[in-house]
Amino acid sequence: MSKTDVVVTGLGATTPLGGDVATTWSALLDGRSGISVLPEEWHEKLPVHFAGQIAQEPSEKLPRPRLRRLDRTQQFALIAAKEAWEDAGSPEVDPIRLGVVVSSGIGGILTILEQYDTFREKGWKRVSPFTVPMLMPNSPAAAISLEYTAQAGSHVPVSACASSAEAVANGVDMIRSGRADVVIAGGTEAAIHPLNIASFASMRALSTRNDDPQTASRPWDAGRDGFVMGEGAGILVLESAEHAAKRGARVYAHASGVGYTNDAYDIVQPDPEGAGQARAITQALVDADLGPDDIVHVNAHATSTPAGDVGETRAIRSALGDAADRVAVTSTKSMTGHLLGGAGAVESIASILALHDGRIPPTINIEELDSDVVVDIVRDKPRDMPTGDVAVINESFGFGGHNIALVFRRA
Amino acid sequence: MANHSEQEILKGLGEIIEEIVGTEPSEVTPEKSFVDDLDIDSLSMVEIAIAAQDKFGVEIPDDQLKDLKTVQDVINFIQK
């Protein structure tokens, strides 16, 4: 039986580069950094003084009474979902055929930490009665389900920094399985807090380039020293091609293939051989019924960590073989920072827009390319993408060994 | 304990309710029911009761909170 064709009909995002997709996309093509300095009072206690903080605060878009009962992950997710839904033309769909798959890697941790402060200072009665529905990892998916009356099912795959790529993959599978015609899919993260920065810093995972924050995220540069934490959300409207055609929807791309694997190598280190990552790519290509020659671009996971970045290029080469010579690879994290559970969805959007607009955003901040990189990196300036029936891959990996590859094909 | 006039309490409740659920203070009048007229759910009622306690210095125990159905009920309770 042939697979249901799934298409992308709506995009929404709020990121360190902009409060919507258009602003974010133009900043990516311009090669602009979204990294900014953290509040002064945090500096003394932390080795890292910067992050990819959201460009537009949710208070500019949501009313105050609404904000106070939503965790910041939910706020971002609702803002991005609204943009995506409207971008898709606010599809008319039977509520029992509308699904939601929206993840967060960490969940409502700001709520947990803030309410714990309140509890210690003022006692249990001052703890917000909305604490539980705010801190639940499923709270963004639940808020979106409520907002759009999505009754087909609401899912929250949690796989650290691969979470929202996995959410997109699950959304595709949900439509293929026949459980929904339309799925709101993506992810959100809001974890910029001294404790979380301390936690990643204590792993020695973060860049400490405090003297030049905007060049700190430098995937594949020989001098890279860790990732830059970011926050934000990306949401896609996925739809069966049949449903989209019936309502005459604009189609950005086909969501053609998904691959899921696990390294089972180490709780945080990726397998240096990249075997699991390569298997995810191969699986996604088979799923999409495409071959390595169809791929022209990879939006890599590359977070700017010493170990991860080059291993990923080996995995790309191992999965695509000689075809890798014709594949332009980029890491938009060089500009957004690492949105953790929001990364996969935001980078899916960048991959889809690269296909749709025919332009690949660059990787910025590479002063000296690491000599172990074995693929062609798009540096400094955007590059035109080949025309015609071509496809791109978005990769996301997460602590816990999770590897997700998504294939999008030009519509 | 300070005595609060009915007007004072009504104004204070209007501010609290606007802050917590976004209702216009002019909508908050004595005869209004929290659930039926002002569309306030039980979790928001808990927040409102705590805020009212801070503002007027009168504790509203949980077992009495459920009997406070209208704005007037709260005014009466605080004045008691």
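The values are calculated or read from the model by the stated rules, or taken from the named source; none is laboratory data. Quick caveat: nothing in here was measured; it's all calculated off a predicted structure. In this analysis, Cβ positions are derived from the backbone assuming ideal geometry, glycine residues included, and neighbour counts consider all displayed protein chains.
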Study note, to complete from the structure: Out of (1) within 14 Å of chain A (Cβ to nearest Cβ); (2) buried (at least 18 other Cβ atoms within 10 Å of the Cβ), the one B:Gln53 does not meet is (2)
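Here is a list: A:Val172, A:Val168, A:Val182. Which entry is surrounded by 24 or more Cβ atoms within 10 Å (Cβ to Cβ), touching a residue at least 24 places away in the same chain (Cβ under 8 Å), on the phi < 0 side of the Ramachandran plot and in contact with a His (Cβ under 7 Å, 6 or more places away or on another chain)?
On the way: A:Val172 fails: in contact with a His (Cβ under 7 Å, 6 or more places away or on another chain); A:Val168 fails: in contact with a His (Cβ under 7 Å, 6 or more places away or on another chain).
So the residue among A:Val172, A:Val168, A:Val182 that is surrounded by 24 or more Cβ atoms within 10 Å (Cβ to Cβ), touching a residue at least 24 places away in the same chain (Cβ under 8 Å), on the phi < 0 side of the Ramachandran plot and in contact with a His (Cβ under 7 Å, 6 or more places away or on another chain) is A:Val182.
Within the stretch A:63-81, count every residue that is within 14 Å of chain B (Cβ to nearest Cβ) and part of a helix (DSSP H, G or I). Steps first, please.
At the first step, the residues of the stretch A:63-81 found to be within 14 Å of chain B (Cβ to nearest Cβ) are A:63-70.
Narrowing the set further to residues that are part of a helix (DSSP H, G or I) leaves A:64-67.
Total satisfying the criteria: 4.
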**Study point:** When residues of the stretch A:117-156 are limited to those that are closer than 24 Å to B:Glu59 by Cβ and polar (S, T, N, Q), the one surrounded by the fewest Cβ atoms within 10 Å (Cβ to Cβ)
**Key:** A:Thr118
Review point. Is at least one residue of the stretch B:1-18 surrounded by fewer than 19 Cβ atoms within 10 Å (Cβ to Cβ) and either under 16 Å from A:Arg126 (Cα atoms) or among the β-branched types (Val, Ile, Thr) (or both)?
Key: no
Practice item. Determine which member of the set B:Ile40, B:Ile16, B:Ile20, B:Ile9 is out of contact with any Pro (no Cβ under 8 Å at 6 or more places or on another chain), within 14 Å of another protein chain (Cβ to nearest Cβ), of a type in the set (A, V, I, L, M, F, W, C) and not in a loop (DSSP other than H, G, I, E, B). Key: B:Ile16
Point to revise | Number of the exception - A:Glu231 against (1) more than 28 Å from A:Ile364 (Cα to Cα); (2) surrounded by 21 or more Cβ atoms within 10 Å (Cβ to Cβ) | key: (1)
**Study point:** Selected residue (only one of A:Ser202, A:Ser177 is out of contact with any strand residue (DSSP E or B) (no Cβ under 7 Å at 6 or more places or on another chain), without any contact (Cβ under 8 Å) to a residue 24 or more places away in the chain and over 29 Å from A:Asp372 (Cβ atoms))
**Key:** A:Ser177
Review point. Quick one: what pairs do we get from the stretch A:89-107, first residue at pLDDT below 95, second in a loop (DSSP other than H, G, I, E, B) and not hydrophobic (A, V, I, L, M, F, W, C), C-beta under 6 Å, 6+ apart or different chains?
Key: none
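For (1) closer than 30 Å to A:Val407 by Cβ; (2) within 14 Å of another protein chain (Cβ to nearest Cβ); (3) out of contact with any Asp or Glu (no Cβ under 9 Å at 6 or more places or on another chain); (4) of a type in the set (Lys, Arg), each residue gets a yes or a no:
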| residue | (1), (2), (3), (4) |
| --- | --- |
| A:Tyr116 | no, no, yes, no |
| A:Arg120 | no, no, yes, yes |
| A:Pro129 | no, yes, no, no |
| A:Pro137 | yes, no, yes, no |
| A:Ala167 | yes, no, yes, no |
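In the stretch A:84-101, is there at least one residue being assigned to a helix (DSSP H, G or I) and in contact with a His (Cβ under 9 Å, 6 or more places away or on another chain)?
Scanning the stretch A:84-101 turns up at least one residue that is assigned to a helix (DSSP H, G or I) and in contact with a His (Cβ under 9 Å, 6 or more places away or on another chain).
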Point to revise | Boolean, A:Lys125 is of a type outside the set (Val, Ile, Thr) and free of Cβ contacts under 8 Å to residues at least 40 places away in the same chain | key: yes
Check your understanding: Just to be sure, is A:Ala51 surrounded by 18 or more Cβ atoms within 10 Å (Cβ to Cβ), among the aliphatic types (A, V, I, L, M), in contact with a helix residue (DSSP H, G or I) (Cβ under 9 Å, 6 or more places away or on another chain) and over 19 Å from A:Gly107 (Cβ atoms)?
Key -> no
Check your understanding: Since A:Val37 meets every condition but one in (1) farther than 18 Å from A:Leu339 by Cα; (2) surrounded by fewer than 17 Cβ atoms within 10 Å (Cβ to Cβ); (3) touching a residue at least 60 places away in the same chain (Cβ under 8 Å); (4) of a type in the set (A, V, I, L, M), which condition does it not meet?
Key -> (1)
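Here are some residues: B:Lys55, B:Lys69, B:Lys32, B:Lys80. Which one is within 10 Å of the chain's Cα centre (by Cα) and among the basic types (Lys, Arg)? Write out each step before concluding.
On the way: B:Lys55 fails: within 10 Å of the chain's Cα centre (by Cα); B:Lys32 fails: within 10 Å of the chain's Cα centre (by Cα); B:Lys80 fails: within 10 Å of the chain's Cα centre (by Cα).
None of the other options fit; the residue is B:Lys69.
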Practice item. Determine whether A:Ala249 is in contact with a Pro (Cβ under 9 Å, 6 or more places away or on another chain), assigned to a loop (DSSP other than H, G, I, E, B) and closer than 21 Å to A:Ile349 by Cα. Key: yes
